[in-house]
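> Supplied in structure tokens, the structure appears directly below.
The values are calculated or read from the model by the stated rules, or taken from the named source; none is laboratory data. Please read these numbers as outputs of a predicted model, since none were measured by experiment. Neighbour counts are summed over all protein chains in view; Cβ atoms, including those assigned to glycine, are modelled from backbone coordinates with ideal geometry. To get the accessible areas, we keep the full protein, side chains included, count just its heavy atoms, and leave off ligands, DNA and RNA. Shrake-Rupley method; radii C 1.70, N 1.55, O 1.52, S 1.80 Å.
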Amino acid sequence: RSQVAVFDLGGAELASSAVDHEVGAGPDDVMPVVADQLRTLLAAGPAPALGVLGIGVSLPGVVDTERGVSVDTPVMAGWDGIALAPYLADVADAPILLANDADTMARSEFLGHATPTDDLLVVKASTGIGLGVLAGGRIVTGARGGAGDLGHTKVAEAAGRPCRCGDVGCLETVASGWALVARLREEGRTVDHVRDLVAQALAGDAEAKQLLRESGRQVGELLAVAINLLNPRAVVLGGDMAGAYDVYAAGVREAVYAKASALATRELQFLPATYGDRAGLVGCAALALDAVLSPAAVDARLARARS
């Protein structure tokens with residue numbers, strides 16, 4: 001699913017839309033639809049006085065922010081190395097700001113739970129599993145942009161299980177949305193997406209609730225290591241599985257309190273993502289606003305206006 005929205009320079013959402021895509025859809029299938037959605041939203045509202053100044057985009061996996069391309073997204077075949085800017089060139093003459101999806105969710109918390117000096121771990125638990133790290137008020141992306149790749153860490157419970165990334169033994173094979181959906185389908189149950197599983201859990205389905213809690217526990221076991229290393233103030237749980245927050249969070253808490261140190265968990269908070277299923281949109285808006293409202297960007301626009 002792709003989400004598209006238009007925001008003003010104050011960070012207020014003016015319009016939004018969402019479109020479902022086939023699993024495994026490539027950029028030639030997804031990006032023209034995204035461009036059409038954005039074009040429609042811009043045409044429906046009043047023309048921005050300054051035009052479109054920036055476009056924030058998020059993708060799963062490792063991205064090259066300088067070139068605006070995915071460089072390691074094994075779960076999205078055909079995206080690596082493909083520049084996204086040309087797909088949006090005729091929609092708006094504006095820079096494309098690209099980021100990893102979990103980092104984008106973490107960025108949305110700058111407008112929510114976080115303060116300029118906060119330390120948060122932001123879990124994206126959806127079809128896949130990712131982790132955004134906010135330390136000292138900054139998003140930590142790592143030397144090559146791969147920080148927070150929680151879902152493709154090897155765990156004992158997943159030994160020998162093939163992952164959609166092409167490896168075996170990844171956490172995702174036992175705890176991700178795609179793995180839980182596959183398990184239910186093997187039992188003959190009708191589920192198309194992890195959102196269906198969450199809906200069943202919210203309706204009281206005992207098996208759905210157990211699967212979500214167990215997924216949370218498995219994620220929490222790895223998360224406990226990150227908590228000991230980084231000593232965050234809070235763990236923020238977002239993504240589709242966090243739609244059944246109480247169930248999912250119970251599993252995460254169970255493992256974290258059992259595995260992490262007493263010091264790291266003494267005042268640790270567990271919080272739902274501030275913006276829920278809109279976190280990606282808000283994070284993309286924050287990404288674009290940070291760029292277009294930076295002193296250097298503002299000075300450059302003023303210089304062009306005077307020339």
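> I'd like the full set of residues that are more than 30 Å from Pro74 (Cα to Cα) and touching a Leu at 6+ places or on another chain (Cβ under 6 Å), limited to segment 14-55.
The answer is Ala15, Gly45.
> Could you give every pair whose Cβ atoms fall below 9 Å, whose first residue belongs to segment 154-182 and is more than 20 Å from Asp192 (Cα to Cα), and whose second residue is open to solvent by 20 Å² or more (accessible area, probe 1.4 Å) and of a type in the set (Ser, Thr, Tyr), counting only separations of at least 6 or pairs across chains?
From residues that are more than 20 Å from Asp192 (Cα to Cα), the pairs are Cys170/Thr153; Leu171/Thr153.
> Out of (1) more than 18 Å from Arg164 (Cβ to Cβ); (2) of a type outside the set (S, T, N, Q); (3) open to solvent by less than 20 Å² (accessible area, probe 1.4 Å), what's the single condition that is false for Ala102?
That leaves (1) as the condition not met.
> Scan segment 59-74 and tell me whether some residue there is over 19 Å from Val282 (Cα atoms) and among the basic types (Lys, Arg).
Yes, the conditions are met somewhere in segment 59-74.
Results for (1) among the charged types (D, E, K, R); (2) at pLDDT below 95; (3) farther than 30 Å from His193 by Cβ; (4) more than 24 Å from the chain's Cα centre (by Cα), shown as yes or no for each residue.
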position: Ala244; (1), (2), (3), (4): no, no, no, no
position: Arg253; (1), (2), (3), (4): yes, no, no, no
position: Tyr257; (1), (2), (3), (4): no, no, yes, yes
position: Thr265; (1), (2), (3), (4): no, no, yes, yes
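> To continue, here is another question. Taking segment 1-47, which residues are in a loop (DSSP other than H, G, I, E, B) and either touching a residue at least 40 places away in the same chain (Cβ under 8 Å) or touching a Cys at 6+ places or on another chain (Cβ under 6 Å) (or both)?
Within segment 1-47, Asp8, Leu9, Gly11, Gly24, Gly26 meet the criteria.
> A follow-up question, please. How do the helices (runs of 4 or more DSSP H) wholly within segment 231-307 filter down when requiring 3 or more residues that are without any contact (Cβ under 8 Å) to a residue 40 or more places away in the chain: which remain?
Qualifying helices (runs of 4 or more DSSP H): 245-259, 262-265, 295-306.
> Any idea which residue in segment 259-307 is farthest from Val236 (Cα to Cα), counting only those that are surrounded by 13 or more Cβ atoms within 10 Å (Cβ to Cβ) and among the polar types (S, T, N, Q)?
Thr265
> A follow-up question, please. Out of segment 1-40, which residues are under 17 Å from Val52 (Cα atoms), of a type in the set (Val, Ile, Thr) and in contact with a helix residue (DSSP H, G or I) (Cβ under 9 Å, 6 or more places away or on another chain)?
Of everything in segment 1-40, those that are under 17 Å from Val52 (Cα atoms), of a type in the set (Val, Ile, Thr) and in contact with a helix residue (DSSP H, G or I) (Cβ under 9 Å, 6 or more places away or on another chain) turn out to be Val4, Val6, Val34.
> Now, a different point. Can you tell me which residues in segment 113-125 are at pLDDT below 95 and of a type outside the set (D, E, K, R)?
Result: His113, Ala114, Thr115, Pro116, Thr117.
> Please go through segment 189-223 and pick out each residue that is small (Gly, Ala, Ser), surrounded by fewer than 22 Cβ atoms within 10 Å (Cβ to Cβ) and either under 19 Å from Pro272 (Cβ atoms) or touching a residue at least 40 places away in the same chain (Cβ under 8 Å) (or both).
Matches in segment 189-223: Ala199 only.
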